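Computed from the coordinates by the stated procedures, all read-outs in this text should not be read as laboratory data. The shown structure was predicted, so the numbers you read here are calculated from the model rather than taken from an experiment. Backbone-built Cβ (ideal geometry, glycine too); neighbour counts: all protein chains shown.
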Amino acid sequence: MPRLPSWLECLVAGVAEMVWSFENAPTACHYHHADGCWEITIFLQRVQLIGSGNAGKAIALPFHLDMPALPTLFDEVDSFTWQTNALGHNDQLGPHIALTGRIKDEAVWLRILANAPSDSPVAGRFHVSTMKFERD
């Protein structure tokens with residue numbers, strides 16, 4: 001894998017600034033460089049519910065994304081799309097926003113998921129009775 005580019009950290013921080021979530025749930029990033037393109041997937045980490053009928057269940061907290069601001073993170077945008085649902089049982093990304101384009105002369109495919117991947121670890125606990133998030 002090529003050396004991690006300096007712009008990647010700036011991109012993830014920029015997306016995180018455009019996300020408003022309950023109790024500022026932490027974001028996570030997966031990235032991969034293949035065939036000359038950086039594939040970057042960002043999502044809010046899941047939390048474990050405490051103190052409800054669903055205690056122990058891991059969920060994604062709701063969030064709001066400033067979509068009109070996303071293209072400003074790119075030097076050039078080729079596409080900006082929204083996938084509303086999973087495209088079959090093998091679609092691990094599910095609903096997401098996607099942008100393709102260039103950052104610092106690098107091809108980039110950014111995806112922001114509506115939900116964290118089901119196999120991702122939880123980031124902490126959400127206490128339903130107090131509506132507070134506690135990080136691990």
Rounded to one decimal in Å, the inverse mean reciprocal Cα-Cα distance for the chain, i.e. its Kirkwood radius, is 15.9 Å
Out of all DSSP beta bridges with both ends in the chain, state the antiparallel percent to the nearest 5. 75 percent
For the chain, with a Gaussian network of springs between Cα atoms less than 10 Å apart, report the residue from A55, A16, A107 with the top mean-square fluctuation. A55
Choice from R46, R111, R125 showing the highest fluctuation, given a GNM over the chain with Cα pairs closer than 10 Å: R125
Label points 7 Å out from Cα along the Cβ direction at V122 and H32: separation in nm? 2.7 nm
Per DSSP helix of 4 or more residues, -39500 (n - 2.57); summed, then divided by the residues of the chain. What does that give at 222 nm, rounded to the nearest 500? -2500 deg cm²/dmol
Whose amide H sits under 5 Å from the amide H of G94, counting only residues 5 or more places off or on another chain, with H placed in the peptide plane? L87
Pop a pseudo-label 7 angstrom from the Cα along the beta-carbon direction at both N115 and M131 and give the gap in nm to one decimal. 2.4 nm
Taking the 0 to 90 degree range and rounding to the nearest ten, how far is the long axis of helix 6-17 tilted relative to the main principal axis of the chain, both from C-alpha atoms? 40 degrees
Taking the beta-carbon count within 10 Å as an exposure proxy, list M18, M67, M131 from fewest neighbours to most. M131, M67, M18
